[in-house]
1. Pairs needed: first member in the range B:74-97, open to solvent by 10 Å² or more (accessible area, probe 1.4 Å); second member anywhere, of a type in the set (Ser, Thr, Tyr) and outside any helix (DSSP H, G or I); C-beta distance under 7 Å; at least 6 residues apart or different chains.
2. Report every pair of residues separated by at least 6 positions or lying on different chains whose Cβ atoms are under 9 Å apart, first residue within the range A:3-30 and within 11 Å of chain B (Cβ to nearest Cβ) and within 18 Å of B:Ala38 (Cβ to Cβ), second loosely packed, with under 11 Cβ neighbours inside 10 Å and of a type in the set (A, V, I, L, M).
3. Only one of B:Gly259, B:Gly221, B:Gly270 is more than 30 Å from B:Asp92 (Cβ to Cβ) and within 21 Å of the chain's Cα centre (by Cα). Can you tell me which?
4. Give the number of residues within the range A:23-45 that are open to solvent by 90 Å² or more (accessible area, probe 1.4 Å) and either of a type in the set (D, E, K, R) or at pLDDT below 95 (or both).
5. When you scan the range B:71-87, do you find a residue that is within 14 Å of chain A (Cβ to nearest Cβ) and not in a helix (DSSP H, G or I), even just one?
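The values are calculated or read from the model by the stated rules, or taken from the named source; none is laboratory data. All values derive from a computational prediction rather than experimental measurement. Here the Cβ is made from the backbone with ideal geometry for all residues, glycine too, and neighbour counts use every protein chain on show. For accessibility, only protein heavy atoms count, side chains too; no ligands or nucleic acids. Shrake-Rupley method; radii C 1.70, N 1.55, O 1.52, S 1.80 Å.
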Amino acid sequence: MPGSREEAELVAKRRRGRNLAMLAVLLGLAALFYAIAMVKMATPGFQP
Amino acid sequence: MMDNTASAVTGQGGGDAMSPLALPVAALSMSTAGDWLALLKPRVVVLVVFTGLVGLLAAPGHLNPVLALTSVLCIAVAAGACGAINMWYDRDIDAVMKRTARRPIPAGRIAPAEALGFGVALAVASVLLMWLATNAAAAFILAMSIGFYVFVYTMWLKRRTPQNIVIGGAAGAFPPLIGWAAVTGGISWLPVLMFAIVFMWTPPHFWALSLWTHADYERAGVPMLPVAAGARSTRWHVFGYTLALVPLTLVPWALHLSGPVYGLSALVMGAWFIVGAWRVLRDKQDSAGVSLTKDAPAKKLFRFSLYHLAVIFAAFAVDAFVG
């Protein structure tokens, strides 16, 4: 079993899934930090 | 492969009897995104997020929707982080309990050290983000709730005393305080009462569950009440705590801190809760208090307790909008 083609394909498939999930999290965080920054900058009394 | 790795992850109470490096590298590649999500105990997170959201909605004042959403996200991530750290620490007992043996760590799909790193990173990130988005008070209470769940409940109480769930239940009661503090920067009587309600609700909710899952805890050596004191005593505890809970749920209404929607909801759901707890107490049982009905009343009460908390907290939010 170890090193078999089926296992290599399964590992690659799961790695792809993890990578896509990580991409979604990073994009979500970037959008969230952008939105937080906009809100904070629009707050009266904001000083950079 | 799974069998070998499963045996490699059974340490003792977080004490590293084995090195995480003992896990074959190939096994680490077998984790899916879903396994990492499972580490966060998403089903537990839902109720925590809901009570936190109600604390936020019931608070006087205004919080920008983006910041409110961020606060709720922080509460969810912090609760998930607690779940991940809990799974890391309890991996030895998870491996011997039927209900938890297929979790990612005991099943060998995620290495213990990776789960710990994941949990700690999320915990720190959630507190920092809460501070950045709202205020220091909310971030401080969030940090305290994480610390309480990890150090007081998971590491100190869970394996030592049958009262683990009573004191440890406080960890799950913090979210309304956090939501309130995110809006106001402080706390007042209503969120404290919300905390007290969740705190008092947790024992009958959890002990109802433990009445039919105690074999798992017994196998793992966790002194849950049915294991340490028996089923009959547990039934009395469920009933007694329910009798204490219901008047407590009426206090916010009695003090005019909430409106009639909440008052009526708390009254009706409370009466129903007492009836359910009475049925658990009077369930057909043998001389040791073990159910002869496969714990049907306890299963009903467990499910009902979830609706109970959801309804009365939804009523808090409704009253905040109506009032």
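1. B:Asp92/B:Thr10; B:Ala95/B:Thr10
2. Sorted first by the residue in the range A:3-30, then by its partner, the list stays empty.
3. Details: B:Gly259 fails: within 21 Å of the chain's Cα centre (by Cα); B:Gly221 fails: more than 30 Å from B:Asp92 (Cβ to Cβ).
Unique residue meeting the criteria: B:Gly270.
4. Number satisfying all stated conditions: 2.
5. no
The rows are residues; the columns are (1) in a helix (DSSP H, G or I); (2) open to solvent by less than 50 Å² (accessible area, probe 1.4 Å).
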{"site": "B:Leu57", "(1), (2)": "yes, no"}
{"site": "B:Ile105", "(1), (2)": "no, yes"}
{"site": "B:Ile141", "(1), (2)": "yes, yes"}
{"site": "B:Phe151", "(1), (2)": "yes, no"}
